[in-house]
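Peer 1: Here you go, one structure.
The values are calculated or read from the model by the stated rules, or taken from the named source; none is laboratory data. Because the structure is predicted, anything quoted here is derived from the model rather than measured. Note that each Cβ is placed from the backbone with ideal geometry, even for glycine, and that neighbours are counted across all protein chains shown.
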Number of protein chains: 2
Amino acid sequence: MGNVVKNLAVLGSTGSIGRQTLEIVRAFPQRFHIVGLAAARNLDLLAEQVREFQPEFIYCQNREALSRRNIGGKFLPLEEMAGHPDIDTVVVAVSGTAGLAPTVAAVKSGKRVALANKESLVVAGEIITREAAQNKARILPVDSEPSAIWQCLEGETQKPARLILTASGGPFRHLSAAQLERVTAKQALKHPSWRMGPKVTIDSATLMNKGLEIIEAHWLFEMPFENITVLVHPQSIIHSMVEFEDGSVKAQLGYPDMRLPVQYALTYPERLPNPKLPRLDWDSLSNLSFEPPDLTRFPCLKLATEAGRWGGTYPAVLCAVDEVAVELFLAGRISFTGITRLVEQALAQHQAVAQPSLEEITAATDWAREKVRQLSAGDRPC
Amino acid sequence: MGNVVKNLAVLGSTGSIGRQTLEIVRAFPQRFHIVGLAAARNLDLLAEQVREFQPEFIYCQNREALSRRNIGGKFLPLEEMAGHPDIDTVVVAVSGTAGLAPTVAAVKSGKRVALANKESLVVAGEIITREAAQNKARILPVDSEPSAIWQCLEGETQKPARLILTASGGPFRHLSAAQLERVTAKQALKHPSWRMGPKVTIDSATLMNKGLEIIEAHWLFEMPFENITVLVHPQSIIHSMVEFEDGSVKAQLGYPDMRLPVQYALTYPERLPNPKLPRLDWDSLSNLSFEPPDLTRFPCLKLATEAGRWGGTYPAVLCAVDEVAVELFLAGRISFTGITRLVEQALAQHQAVAQPSLEEITAATDWAREKVRQLSAGDRPC
């Protein structure tokens, strides 16, 4: 195990998780070889990364712009890269529902899939977990909460009784419903404990992020929704917990720093010392606090759980509406609470398909995007 | 694995851990068969237990009194019982240094040893771990802190970077040095979070218990003393933690209830649902707090760590002096802080033997017992 070099494709290499993935690769040059890098739009940063890591394959949404720059590497479509035989580990750090296609391609090709993109499991958990099992792909969660659960489950021989996902509660934990109506994008982008990309930061403020994690955990750990609990823990030190049949609880702790779950997914089953990862300093950690989430002020958590339980194309609609609604909020076109209202309305109007194919999932997300644009015409920012 | 019946000897069956062990056995009658029961003095309770569990073998310190009662079962000396071929799992719940001989007998016979007696590892850790390795015995810790560490290490492929033992801080956490001089045995026996036997309750008040656990953890997990940290955590919910090479920390949590670590050691690697074991209720757990231990007011922690580092017969002297000093304190013959003074003085006067044999360890404990009686003649209770 020790010195086998892992051949990586990093999909979404210029985003927050992508850049942190490359930080880990940089820390262990003898362990990883970057075979593919894929970015959506940030060509400048992609060019820099290509210079540094010299990948064989590259991808960017705008192929023409890419060829004009002539930054090196052979262009490969995203899904082809995710399934390429020269690659054994695919880091899916693409943001949002765009992560679905490459995740499916990677599991179908039996890769180790370091999955930072929760949306793909949310919208197509059944397909992805089935394909992973059939093709002996292994899904290694990169997000801090499922990584915590995964670490707590290692070595246990039985299914756990309950998963406890912790949530920071976001920047608006103490605001009233009336105050929530008036918060701005700038306020929402200031997360109290985590430094993340804009989409997930807004999702943390609405608690939709935790809702998506409930559905993700349901698929990753084959856990019924009634056995997944959310606990608000503002310090974000305990990243999640697992309760076992005998009542024993295990928790994984660390500072809020995505590099740790990224590194764990990449080096698993080994753990490597990395001086750049911070160690918990118990002299400065005098208190960890906990409170139940308030589903009245933060109804996204409830909406997501319901969409997850209903199944079919409901989670796809949840994801797609949220994605567009967050964009609208960031653009100042709808209010903060408008995000939730749009999700609720779209779910109510959706005619779901049970056990959908990928095509039916795509159709549902297309429907949802269109629907949210119609609905949002009536919403007003403050 | 599932339905193999384990054949148990419970040594110290009438003490706190012994009784809780029998509670677990009672909850899973199809999993355990009690082959041997051994008590020190409590013949009434032993008789009751023999009636209920019908063991083949029994032991009691006063063999004559035992034969007069004629409670059934065949008398076997403690060490013979610990090594008997009809027994596969030996629960060593004997209190204090009296646990040494049966623990050694059990590991020499290659048993699964559910070890609640920390003193045996403290005084003879090198011998016991060596004999366990040579005879393929497995030591399964029963105390809550090492059980927590064991649970956190399950499935990990590498040695951890650091063990973090939590301590409640005892009933006198907030008292000044002057106030500590005057505390009574009655006050010291009121532990804020754990219900335990008198010896370990007093050791918790002086923090000697945590000191002994440091030495125990050193041997159980082959961890250098400099990588074992103590953290005061008054709620006693996190039972201990492990920090790994990558900085990730895992913790095991539960209410302060010894039945959980007892059950885990007995059912390992399975976890069985037991409705009598309490589940953490996060609605009522709003805060977990932490602080560094105060080595000035509670010097036992430092004394124990030093004795552990020095090795040889020092830990045996530490244990034996503490055992006698706690008895003297409970009898009102010395003050609370007198316990620490006696330990310190005896350690200072001890001529240690390096890599001692069991005989040399016994000689050192005999010397220590005599020494503490001489020294205590000068101490006065308040």
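Peer 1: Any residue in the stretch B:1-12 that's within 19 Å of residue B:110 (Cβ to Cβ): show its pairings with residues that are modelled with pLDDT of 95 or more and polar (S, T, N, Q) at Cβ separation under 6 Å, as long as the two are six or more apart or on different chains.
Peer 2: Taking only residues 6 or more apart or on different chains, the pairs are B:6/B:89; B:8/B:89; B:10/B:21.
Peer 1: Further, regarding this structure: Can you confirm whether residue B:352 is under 30 Å from residue B:184 (Cβ atoms), surrounded by fewer than 22 Cβ atoms within 10 Å (Cβ to Cβ) and more than 22 Å from the chain's Cα centre (by Cα)? Can you show your working first?
Peer 2: Numbers: under 30 Å from residue B:184 (Cβ atoms): no; surrounded by fewer than 22 Cβ atoms within 10 Å (Cβ to Cβ): yes; more than 22 Å from the chain's Cα centre (by Cα): yes.
Against the criterion (under 30 Å from residue B:184 (Cβ atoms), surrounded by fewer than 22 Cβ atoms within 10 Å (Cβ to Cβ) and more than 22 Å from the chain's Cα centre (by Cα)), residue B:352 does not qualify.
Peer 1: Are any of the residues in the stretch B:262-269 out of contact with any helix residue (DSSP H, G or I) (no Cβ under 9 Å at 6 or more places or on another chain), surrounded by fewer than 16 Cβ atoms within 10 Å (Cβ to Cβ) and in contact (Cβ under 8 Å) with a residue 40 or more places away in the chain?
Peer 2: From the stretch B:262-269, those out of contact with any helix residue (DSSP H, G or I) (no Cβ under 9 Å at 6 or more places or on another chain) are B:269; that's our starting set.
Now drop any that are not surrounded by fewer than 16 Cβ atoms within 10 Å (Cβ to Cβ), which leaves B:269.
Next cut, in contact (Cβ under 8 Å) with a residue 40 or more places away in the chain only: B:269.
The answer is yes, given that some residue of the stretch B:262-269 is out of contact with any helix residue (DSSP H, G or I) (no Cβ under 9 Å at 6 or more places or on another chain), surrounded by fewer than 16 Cβ atoms within 10 Å (Cβ to Cβ) and in contact (Cβ under 8 Å) with a residue 40 or more places away in the chain.
Peer 1: I'm trying to understand the selection: among the residues of the stretch B:232-263, which are farther than 17 Å from residue B:152 by Cα and in a strand (DSSP E or B)?
Peer 2: If the condition is that a residue be farther than 17 Å from residue B:152 by Cα and in a strand (DSSP E or B), then B:232 is the only one that fits.
Peer 1: Hey, another quick one. For the stretch A:33-71, which residues satisfy the criterion of being at pLDDT below 95 and over 25 Å from the mean Cα position of the chain (by Cα)?
Peer 2: A:63, A:64, A:65, A:66, A:67, A:68, A:69, A:70, A:71
Peer 1: For residue A:64, work out the one condition from (1) free of Cβ contacts under 8 Å to residues at least 24 places away in the same chain; (2) part of a loop (DSSP other than H, G, I, E, B) it doesn't fulfil.
Peer 2: Here residue A:64 clears every test but (2).
Peer 1: Hey, another quick one. Output the qualifying pairs, or none if there are none: Cβ atoms under 7 angstrom, residues six or more apart or on different chains, first residue in the stretch B:345-364 and touching a residue at least 24 places away in the same chain (Cβ under 8 Å), second residue surrounded by 13 or more Cβ atoms within 10 Å (Cβ to Cβ) and basic (Lys, Arg).
Peer 2: Sorted first by the residue in the stretch B:345-364, then by its partner, the pairs are B:346/B:371.
Peer 1: How many residues does the stretch A:1-27 hold that are under 21 Å from residue A:274 (Cβ atoms) and either part of a strand (DSSP E or B) or among the acidic types (Asp, Glu) (or both)?
Peer 2: The qualifying residues number 5.
Peer 1: Now, a different point. Here is a list: B:30, B:49. Which entry is out of contact with any strand residue (DSSP E or B) (no Cβ under 7 Å at 6 or more places or on another chain) and outside any strand (DSSP E or B)? Spell out the reasoning first.
Peer 2: Working: B:49 fails: out of contact with any strand residue (DSSP E or B) (no Cβ under 7 Å at 6 or more places or on another chain).
Of the residues listed, the single one that is out of contact with any strand residue (DSSP E or B) (no Cβ under 7 Å at 6 or more places or on another chain) and outside any strand (DSSP E or B) is B:30.
Peer 1: Pick from A:238, A:228: which is closer than 26 Å to residue B:149 by Cα, touching a residue at least 40 places away in the same chain (Cβ under 8 Å), surrounded by fewer than 24 Cβ atoms within 10 Å (Cβ to Cβ) and at the interface with chain B (Cβ under 10 Å from one of its Cβ atoms)?
Peer 2: Details: A:228 fails: at the interface with chain B (Cβ under 10 Å from one of its Cβ atoms).
That would be A:238, the only listed residue that is closer than 26 Å to residue B:149 by Cα, touching a residue at least 40 places away in the same chain (Cβ under 8 Å), surrounded by fewer than 24 Cβ atoms within 10 Å (Cβ to Cβ) and at the interface with chain B (Cβ under 10 Å from one of its Cβ atoms).
Peer 1: Restricting attention to the stretch B:244-262, which residues are of a type in the set (Asp, Glu) and facing chain A (nearest Cβ under 7 Å)?
Peer 2: Of the stretch B:244-262, the ones of a type in the set (Asp, Glu) are B:245-246, B:257.
Result: B:245, B:246.
Peer 1: Could I ask something else about it? What are the pairs with Cβ atoms under 9 angstrom where one residue, in the stretch B:366-377, is assigned to a helix (DSSP H, G or I) and the other, located anywhere, is surrounded by fewer than 19 Cβ atoms within 10 Å (Cβ to Cβ) and not charged (D, E, K, R)? Sequence gap at least six, or different chains.
Peer 2: Sorted first by the residue in the stretch B:366-377, then by its partner, the pairs are B:367/B:351; B:371/B:345; B:371/B:349; B:372/B:345; B:375/B:345; B:375/B:349.
Peer 1: Tell me the residue from B:133, B:217, B:148, B:178 that is in contact with a helix residue (DSSP H, G or I) (Cβ under 7 Å, 6 or more places away or on another chain) and of a type in the set (A, V, I, L, M, F, W, C), please.
Peer 2: The conditions single out B:217.
Peer 1: Here is a further query. Looking at the stretch A:80-124, which of the residues that are of a type in the set (D, E, K, R) and part of a helix (DSSP H, G or I) is surrounded by the fewest Cβ atoms within 10 Å (Cβ to Cβ)?
Peer 2: Looking only at the stretch A:80-124, we keep the residues that are of a type in the set (D, E, K, R), and these are A:80, A:86, A:88, A:108, A:111-112, A:118-119.
So of that shortlist, the ones also part of a helix (DSSP H, G or I) come out as A:80, A:108, A:118-119.
Numbers: A:80: 14, A:108: 18, A:118: 27, A:119: 27.
It comes out as A:80.
Peer 1: I've got another one for you. Taking interchain pairs and intrachain pairs at least six residues apart, which have beta carbon atoms under 7 angstrom, with the first residue in the stretch B:18-36 and under 25 Å from residue B:60 (Cα atoms) and the second basic (Lys, Arg) and part of a helix (DSSP H, G or I)?
Peer 2: Listed pairs, sorted by first residue: B:20/B:259; B:23/B:259; B:24/B:259.
Peer 1: Also: Out of (1) at the interface with chain B (Cβ under 8 Å from one of its Cβ atoms); (2) not in a helix (DSSP H, G or I), what's the single condition that is false for residue A:332?
Peer 2: With (1) at the interface with chain B (Cβ under 8 Å from one of its Cβ atoms); (2) not in a helix (DSSP H, G or I) applied to residue A:332, the lone miss is (1).
Peer 1: Please go through the stretch B:142-152 and pick out each residue that is within 13 Å of chain A (Cβ to nearest Cβ) and touching a Ser or Thr at 6+ places or on another chain (Cβ under 7 Å).
Peer 2: Quick first cut of the stretch B:142-152, residues within 13 Å of chain A (Cβ to nearest Cβ) only: B:144, B:147-152.
Correct list: B:148, B:149, B:151.
Peer 1: Against the definition (of a type outside the set (Val, Ile, Thr), surrounded by fewer than 23 Cβ atoms within 10 Å (Cβ to Cβ) and closer than 30 Å to residue B:279 by Cβ), how does residue A:252 come out, yes or no? Working first, answer last.
Peer 2: On the way: of a type outside the set (Val, Ile, Thr): yes; surrounded by fewer than 23 Cβ atoms within 10 Å (Cβ to Cβ): no; closer than 30 Å to residue B:279 by Cβ: yes.
So residue A:252 fails the test.
Peer 1: If you check residue A:307 against the conditions, is it in contact with a Lys or Arg (Cβ under 6 Å, 6 or more places away or on another chain) and under 30 Å from residue A:100 (Cβ atoms)?
Peer 2: Details: in contact with a Lys or Arg (Cβ under 6 Å, 6 or more places away or on another chain): no; under 30 Å from residue A:100 (Cβ atoms): yes.
No, not satisfied.
Peer 1: Would you point out the residue of the stretch A:263-306, among those that are hydroxyl-bearing (Ser, Thr, Tyr) and within 19 Å of residue A:238 (Cα to Cα), that is farthest from the other protein chains (Cβ to nearest Cβ)?
Peer 2: Of the residues in the stretch A:263-306, the ones hydroxyl-bearing (Ser, Thr, Tyr) are A:264, A:267-268, A:284, A:286, A:289, A:296, A:305.
Filter once more, so that each one left must be within 19 Å of residue A:238 (Cα to Cα): A:264, A:284, A:286, A:289.
Values: A:264: 7, A:284: 10, A:286: 6, A:289: 5 Å.
By that ranking, first place goes to A:284.
Peer 1: Would you call residue A:161 buried (at least 24 other Cβ atoms within 10 Å of the Cβ) and either under 24 Å from residue A:232 (Cα atoms) or of a type in the set (D, E, K, R) (or both)?
Peer 2: Values: buried (at least 24 other Cβ atoms within 10 Å of the Cβ): no; either under 24 Å from residue A:232 (Cα atoms) or of a type in the set (D, E, K, R) (or both): yes.
So residue A:161 fails the test.
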